[in-house]
Amino acid sequence: MKKTCKILLCFLMAAATQYLHAQPVHEIKHSDTTKPIFVKPTLHNALKINLSSLAFQNYSISYERLIKNKVSIAVGYRYMPFTTLPFGNTISQIANNNNVNFNETNLGNYAFTGELRVYANKNMHGFYLAPYGRYANFNFAVPIQYNSTQGGNTTVQNAVFKGNVTSISGGLLLGLQQHISRHFVLDIWLIGANFGNGNGILNAGFTTPLTMQEQSSLQDNLNNLNGGPFTLKGTVTSSTSANLNLTGPWIGIRALGINIGFTF
């Protein structure tokens, strides 16, 4: 994570350095004295990195382009490497799924976002409203427990379900962007939400075939999964395989995002 963050920050700093070195010095004459001063150019582009998302092991970059005085378009890309589910202990306490081992659940994802921003002021400055659309792909590895009885002893085993869940959603964001220097902006996502649909399938395979008792235990636990607003359908298809289908509404939150950007 630190290596990726350093690469993104170095890229942003390198772009800023190259651009600033290339800027001309404009001259304004006062009587007989010529005094060189910097004149702020009209800026139409912003390249940004999301700082607050780093706490959740997410790396997010975006590009914004001014198309009218108070209107811009923006595209963003987010990536989270496949890793242990953040805040697994907290999620385990909140979720009503005792048969899911959240502490050993792994998650990775990426998403593409496109948005149209309408500002209260000119030149990508001030409060803005942004309708947006998002495509997201999540890669899961979820251990679901089942009982195994061998020789009169019962132990708890994990069936690891792996697969992808995709979602397409749309929403609205309220934000605030301020110019903090000649070529840098601070972009804050105040509050926003997106709604859509998600679906996917996770599969589990077993190198050692499950006994009838183990298949029955796993099927019972799949039947008792609490998916909240999602519809979950788990099936033990054979002694060596099982699957879990997920469909339902998708809800996402965009809030308190802090982005730093280089404008040019």
* Can you tell me the Rg and Dmax of the stretch 56-191, counting just the alpha carbons, in angstroms? -> 21.3, 76
* Please state, as a whole number in µm²/s, the translational diffusion coefficient that the Stokes-Einstein equation yields for the stretch 55-117 at 20 °C and 1.002 mPa s, with Rh defined as the Kirkwood radius across alpha carbon pairs. => 151
* What Kirkwood hydrodynamic radius do you get for the stretch 154-264 when you take the inverse of the mean 1/r over all pairs of distinct Cα atoms, in Å? -> 17.5
* To do: Give me the number: length gained by fully extending Asn137 to Tyr63, i.e. 0.36 nm times residue separation minus the C-alpha to C-alpha distance, one decimal in nm.
  => 24.6 nm
* Starting from the Cα of Thr207, step 7 Å along the direction of its Cβ; do the same at Phe112; then give the gap between the two resulting points in nm. => 3.8
* Asked: Convex hull over the Cα atoms of the stretch 131-218, averaged projected area in nm²?
  -> 9.9
* Extension gain Ile188-Ile258, at 0.36 nm per residue separation less the Cα-Cα distance, in nm? -> 24.7 nm
* Relative contact order of the stretch 121-264, pairs being alpha-carbon contacts under 8 Å that are 6 or more residues apart, as % -> 26
* Structure fact -> In this structure, the FRET efficiency calculated for Tyr77 and Ser181 from their beta-carbon separation, with R0 = 30 Å, to the nearest 0.05, is 0.75
* Report the local net charge at Pro131: Lys and Arg +1, Asp and Glu -1, summed over other residues whose C-beta lies under 13 Å from its C-beta. => +2
* To do: Stick to Cα atoms and the Kirkwood definition of Rh, then tell me Rg/Rh for the stretch 175-216.
  => 1.54
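Since every read-out is calculated from the coordinates, none of them should be taken as a lab result. In this text, all values refer to a predicted model and were calculated from it rather than measured experimentally. Reconstructed Cβ throughout: ideal geometry from the backbone, glycine too, with neighbour counts over all protein chains shown.
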